[in-house]
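So the structure is just underneath, and the comments pick up after that.
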Amino acid sequence: MYFKLSKKTYKSFTMKNYRKISTAMFVMALTLVSLNAYSFCGFYVSQQSKPIFNKTSQVILVRDGDRSVITMSSDFKGDVKDFAMVVPVPVVLQKSDIKVVNRQMFDDFDAYSAPRLVEYYDPSPCNQVREDVYEKVNASMSAAKEETENDVVKKDSKYKVTVEAKYTVGEYDILILSAKESGGLKHWLTDNGYQIPEGAEEVLQPYIQSNMKFFVVKVNIEEQKANGTEILRPLQISFNSPKFMLPIRLGMANGKGSQDLIVYTITKNGRVETTNYRTIKMPTDREIPEFVQQYFGKFYVDLYKKNLAKEGSDNVFMEYAWDISGQMPVKCDPCAGNPPMLNGLFEAGVNWITPTNWGGYMGSVFFTRLHVTYNREDFPQDLVFQETPDRSNFQCRYIINHPAQQYGQCPDWKMYYDKKKASRRKEIKELSALTGWNTERYWEYPTKFMGYAAPLPPDDETGYVTPKQRKIITSDSSDINQSTVGSIEEEISNSKINQSAFATTRTTEHKKPFDWGLGFGMVAIVTLASLARMQKKG
Amino acid sequence: MSEFYGIRARIASIPCFLKTSTMQISPQLRQKWQMVVGLLNSDARHYQLLFLSTFFLTGMLSLHWNLIPYQLLFTFGTAVCTQLILIKILKLPITALKSAFISSFSLSLLFRSDMWWVVMLAAFLTIASKGIFKVNGKHFFNPANFGICATILLTNQGWISPGQWGSAGYWWFLIGMLGFIVITSAHRMETAFAFLATYALLFGYRILVYQHWPSDFFFHQFTNGGLLLFTFFMITDPASTPSHKSARIVWAMVVGILAFYLQAYLWVTAAPIWALFFLSPLTPAIDYFFKAEKFAWKQTSANVLQTI
């Protein structure tokens, strides 16, 4: 609730320890580094002999009544003439329902809703006020739409596949297919030069039986050259359907490892959650050591993975939920990035808001960010959502409390020092509880307020990370677990969250923890009741 | 060899050991235990309260259910106050408060809202429905079911989260619920199985035979704690379901069919709960045409749940 958040914020202002929120707050904006686009949870259909798999996806999902607007982007990194994608959709889309949009929207939503780090500075107990700097990252929004029209309906009776529509939109050639049987669809795709991944066949027939159509996308090289675009831009589709879902099953094509998906939902009435999987809030409002700042990306990835192991790998995690209605004065607190603006919301497909004279908007809007790392074994069903009327705000927020600087001696310094030492020990314990890092190496941290050089955090594969790492991704014809085709050198900053770190390429580790609390509760109560019942007289 | 006989002797002595050790439990502790046993066995609803409260507590603590901080207080407080008013107006015995507690737990297990007044309204409607919607002294809406559905329809500020149970805890809830059924020799299980069998068969055909989804798709659909709670605690409520056995079985099957239709074709969340809500008004008509013995809670030493 907004009231609850204000109360918490107020409490933090009046807390009787030695912290003081300075007049200006320095907030780190932590965004996903992978500025490459993100694909939708359809599957890639290579036109080469080797299949291609996507590991990370981001989707913007706008829902109003029965109307859905899904924006998806391509993270393809090879030769564009080899690119093709298949996405199941519930209806035959009209040409006006398909748009090419600007990728900037994804970066802006991500910057706005990503887990954030907040820094506070303790006031000096010797009455010396420290000046702090308030910094805000501005994100510029840009929007560009292009559309061309072209439609032909063809029935291919040999495969029992109907080409319901054919369009050229931006740099894409789009076909919408309906099929009577999966074998026919598979052969049609294969005979037309598409290599469908092995795992995709399993779900083709259920989707056909569910009356889904198939949205097949290829790059039109001439259009791409004519438009002057070098990268593939996100696609947006709109349709009316009572199904509020994302068909992730089709994206689980490789069956090994897991894929990572972030869903931004924008609705009118409140928070969105899944109905067929648990939606769990990520841990938030935790005080962590100062040195985590330079490794925040690694910290959050490890925190997420530990939470995944603790709660089970078949859950969906909520990372952000905020009421961003036009009349709300506070659309983020603190703000890691600019809240969605009028243009961005219009571009995402929000059509129930009205612009105001001062560049804002009026209307009820709620923003939710869900994070799911899915695989074939833990997610047998597509994600089915519901919009709840819950308008409580939530964010992933981690707190760093910088110690006060000691300017000379004063009587209160010793008391402050002891309390601060104790709270820094708690921060180390919190870090270990959240991430599972071995924190014995940070033994000096509680007592060394200034000039502490933290040892590097652990890394799963390569040992200890450095603040910056170079990662080389190469293709190997025998290894189908690569996420890209070709050879790319990426510089990854470990202070920022890299979404590809959530996905795995190894055989899936099924994390279904034994629920001790539930187990003990049930066994205890059944035992107690049985014993009592056995002693019933008569 | 002698070691082997030594181990066998030790195992054989375990029951004797347990008996002697329990006899050594202090008389005060034994007396307290006897009090608990006496309390539990005096009314069937005490077992129901025990199990429902355990489900709620373990769910809250293990599954981190999203409740507003004072939801329990508002729910129970409003329910108790409303029940006291009903007791006064309808001259009911004070033991009717137990039903208020049971309904409050059912509400807390299923209904979610972020507004305290909506929670209070749900609790009020839950208890009030027992007094308002009565035919021949029998209320035909399941109280918690009416409270949830009516509040959502009137205010649109509450919801049910079918996903809150998760899959890891499903088997523990199943053990708990089956344990309740066995321990209390609960009647009306034929209603539960009629509903579940119809619902499962319809979905099984649609998912496995017609749509050709793999089997884990079907099992995921049915390993849902909310469905278990509905099946074994809601639709089996003897006070608000048709009295005649055969008619009740058919009615439960119709609830299953409607729940299937609502979920598969209209994509309604928590469809069984809504199906029960829409079909509950048929109960008086069924009772009129199919005469059977009326149910009443009875505090006897005979079977825990029985009709009179």
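The values are calculated or read from the model by the stated rules, or taken from the named source; none is laboratory data. As the structure is a prediction and not an experimental result, all values here were calculated from the model. Here the Cβ positions follow ideal geometry from the backbone for every residue, glycine too, while neighbour counts run over all protein chains shown.
Would you mind finding the one in B:176, B:158, B:169, B:163 that is buried (at least 21 other Cβ atoms within 10 Å of the Cβ) and in contact with a Leu (Cβ under 6 Å, 6 or more places away or on another chain)?
Working: B:176 fails: in contact with a Leu (Cβ under 6 Å, 6 or more places away or on another chain); B:158 fails: in contact with a Leu (Cβ under 6 Å, 6 or more places away or on another chain); B:163 fails: in contact with a Leu (Cβ under 6 Å, 6 or more places away or on another chain).
None of the others qualify; the one that does is B:169.
Are any of the residues in the stretch B:82-96 within 14 Å of chain A (Cβ to nearest Cβ) and hydroxyl-bearing (Ser, Thr, Tyr)? I'd like the intermediate steps shown before the answer.
Of the stretch B:82-96, the ones within 14 Å of chain A (Cβ to nearest Cβ) are none.
No, the stretch B:82-96 has no match at all.
For residue A:317, only one of the following conditions fails: (1) part of a strand (DSSP E or B); (2) more than 12 Å from every other protein chain (Cβ to nearest Cβ). What is its number?
(2)
Across the stretch B:179-194, which residue is nearest to the other protein chains (Cβ to nearest Cβ) among those that are surrounded by 22 or more Cβ atoms within 10 Å (Cβ to Cβ) and in contact with a Phe, Trp or Tyr (Cβ under 7 Å, 6 or more places away or on another chain)?
Only one residue fits best here, namely B:183.
So is residue A:175 at pLDDT 80 or above, assigned to a strand (DSSP E or B) and buried (at least 17 other Cβ atoms within 10 Å of the Cβ) or not? Even if it seems obvious, please write down each step before you answer.
Working: at pLDDT 80 or above: yes; assigned to a strand (DSSP E or B): yes; buried (at least 17 other Cβ atoms within 10 Å of the Cβ): yes.
It is true that residue A:175 is at pLDDT 80 or above, assigned to a strand (DSSP E or B) and buried (at least 17 other Cβ atoms within 10 Å of the Cβ).
Name every residue in the stretch B:224-251 that is of a type outside the set (A, V, I, L, M, F, W, C), closer than 23 Å to residue B:53 by Cβ and either in contact with a Leu (Cβ under 6 Å, 6 or more places away or on another chain) or not in a helix (DSSP H, G or I) (or both), in order of residue number.
Here is the first cut: in the stretch B:224-251, the residues of a type outside the set (A, V, I, L, M, F, W, C) are B:224-226, B:231, B:236-238, B:240-246, B:248.
Restricting the remaining residues to those that are closer than 23 Å to residue B:53 by Cβ gives B:224-226, B:231, B:236-238, B:240.
B:224, B:231, B:236, B:237, B:238, B:240 - these are the residues of the stretch B:224-251 that are of a type outside the set (A, V, I, L, M, F, W, C), closer than 23 Å to residue B:53 by Cβ and either in contact with a Leu (Cβ under 6 Å, 6 or more places away or on another chain) or not in a helix (DSSP H, G or I) (or both).
Out of everything in the stretch A:265-310 that is aromatic (Phe, Trp, Tyr) and either over 27 Å from residue A:105 (Cα atoms) or without any contact (Cβ under 8 Å) to a residue 40 or more places away in the chain (or both), what residue ends up being surrounded by the fewest Cβ atoms within 10 Å (Cβ to Cβ)?
At the first step, the residues of the stretch A:265-310 found to be aromatic (Phe, Trp, Tyr) are A:277, A:291, A:295-296, A:299-300, A:304.
So of that shortlist, the ones also either over 27 Å from residue A:105 (Cα atoms) or without any contact (Cβ under 8 Å) to a residue 40 or more places away in the chain (or both) come out as A:277, A:291.
Numbers: A:277: 23, A:291: 19.
Across the stretch A:265-310, the extreme among qualifying residues is A:291.
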